[in-house]
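K.L.:
Have a look at the structure that comes next, please.
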Amino acid sequence: MSIEDAIRALPKVELHLHIEGSLEPELMFALAERNQVELPFASVEEVRAAYDFSDLQSFLDIYYAGAQVLLEEQDFYDMTWAYLERCRADKVRHTEIFFDPQTHTDRGVPFDTVIRGITRALDDGREQLGISSELILCFLRHLSAEAAMATLEQALPWKERIIGVGLDSSEKGHPPEKFQAVFDRARAEGFLTVAHAGEEGPPEYIEQALDLLKVKRIDHGVRCLEDPLLVRRLQKERMPLTVCPLSNVKLCVFDTLEEHNLKTLLDANLCATINSDDPAYFGGYIGQNFLETAEALKLGLDDIETLARNAVEASFLDDDGKQDLM
Ligand code: ES4
Ligand code: ZN
């Protein structure tokens, strides 16, 4: 069997996916029309042409602009359902999805509208497509710790539907320590924790996420290789890294996919996984990330199997759920 066929046949687990980053330009335009929202683009082609990023911030500016078309519960449903159909095509069996409530509540969209739409689609995905899922609430780190705490309070009635909290948006200048009290409270309420760290930010941010936020996974984490002691620690703790290769190239973390350090991470026995991040913006869903990365880094079947096993291990499934996917 060719490596491409093996990747296509592989049952997959996705652990790093921003649901707002799955909003394709076609659906963005349809929702803009449905909701009478003015977009700063004239056509789907113009939107795609604007997806030429120089760094994380240049992407985030466009990503938050695109999210403005999301107003009603049905909009969040339609976006989530479209992602789940992509999951079916890519043989994703389990997915742990980030959502950014502050991107919506700051525009006057109620928290309940957001989470009702998303969870209704996830329930339908479980029943109709056999895809299991969890939700992770991400705080926007460019906003204040107080705003994050207020968002956590809004999430408490939905505790049964949210497995954990995370940290995303502009990394540089917004270290994990800024959110230590929020994450303390979140863990006390029973949420698991993750954080974006070491994407654009330094290895110290990864250490802070571990020591201060007590995270179960590091999202991205690719800059860990700059600190050999940190690498030893990540190895010893089997700390998962949710790596997003196409995202890293689109946001110029690496100049080319051939220069990506995923193979080095795997060869160092780190618990690295492949994920899509914001697939509508970065040129592909998880299957595409696997295919292009395998080709660029000359991954073997053993690497593909390791990546699949790592993702099951790193997931928040219980032991029975993990056993079913092994
Ligand atoms: C994100 Cl790639 C990335 N990094 C940080 N925050 C994000 N939010 C959505 N995508
Ligand atoms: Zn991300």
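The values are calculated or read from the model by the stated rules, or taken from the named source; none is laboratory data. Since the model is a prediction, treat every value here as computed from it, not as a measurement. Here the Cβ positions follow ideal geometry from the backbone for every residue, glycine too, while neighbour counts run over all protein chains shown.
K.L.:
Only one of (1) surrounded by 23 or more Cβ atoms within 10 Å (Cβ to Cβ); (2) polar (S, T, N, Q); (3) part of a loop (DSSP other than H, G, I, E, B) fails for N269. Which number is that?
P.N.:
Only one criterion in (1) surrounded by 23 or more Cβ atoms within 10 Å (Cβ to Cβ); (2) polar (S, T, N, Q); (3) part of a loop (DSSP other than H, G, I, E, B) is unmet by N269, namely (1).
K.L.:
Which of the residues that make up the stretch 85-108 are hydroxyl-bearing (S, T, Y) and either more than 12 Å from L71 (Cα to Cα) or touching a strand residue (DSSP E or B) at 6+ places or on another chain (Cβ under 6 Å) (or both)?
P.N.:
T95
K.L.:
Let me ask something additional. List the pairs whose first member sits in the stretch 109-134 and is under 17 Å from A67 (Cα atoms) and modelled with pLDDT of 95 or more, whose second member is among the basic types (K, R) and surrounded by fewer than 22 Cβ atoms within 10 Å (Cβ to Cβ), and whose Cβ atoms are under 8 Å apart, counting only residues at least 6 apart or on separate chains?
P.N.:
Qualifying pairs under 8 Å: I115/R161.
K.L.:
List, please: which pairs have Cβ atoms under 6 Å, are six or more places apart or on different chains, and start with a residue in the stretch 241-255 that is under 22 Å from T306 (Cβ atoms) and within 12 Å of ligand 1 (Cβ to nearest atom) and end with one that is modelled with pLDDT of 95 or more and of a type in the set (F, W, Y)?
P.N.:
Correct list of pairs: L246/F282; S247/F282; N248/F254.
K.L.:
Mind telling me which of the residues D123, D75 ends up being within 30 Å of A9 (Cα to Cα) and either away from ligand 2 (no atom under 16 Å from the Cβ) or assigned to a loop (DSSP other than H, G, I, E, B) (or both)?
P.N.:
D123
K.L.:
Moving on. Within the set of pairs 6 or more residues apart or between chains, which connect a residue that is within 16 Å of I136 (Cα to Cα) inside the stretch 203-220 to a residue that is among the basic types (K, R) with Cβ atoms less than 7 Å apart?
P.N.:
Matching pairs, first to second residue: K214/R187.
Let's see how each residue does on (1) at positive phi; (2) in contact with an Asp or Glu (Cβ under 7 Å, 6 or more places away or on another chain):
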position	(1), (2)
E4	no, no
I7	no, no
K12	no, yes
L15	no, yes
G21	no, yes
M28	no, no
Q36	yes, no
S43	no, no
E46	no, no
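K.L.:
Something else: Among the residues of the stretch 293-308, is there at least one that is under 26 Å from L213 (Cβ atoms) and over 16 Å from the mean Cα position of the chain (by Cα)? Break it down into steps so the answer makes sense when it comes.
P.N.:
Looking only at the stretch 293-308, we keep the residues that are under 26 Å from L213 (Cβ atoms), and these are 307.
With over 16 Å from the mean Cα position of the chain (by Cα) added as a condition, the list becomes 307.
Yes, there is a match, as at least one residue in the stretch 293-308 is under 26 Å from L213 (Cβ atoms) and over 16 Å from the mean Cα position of the chain (by Cα).
K.L.:
Condition first: hydrophobic (A, V, I, L, M, F, W, C) and more than 15 Å from ligand 2 (Cβ to nearest atom). Now tell me which residues in the stretch 213-251 satisfy that.
P.N.:
The answer is L213, C224, L225, L229, L230, V231, L234, M239.
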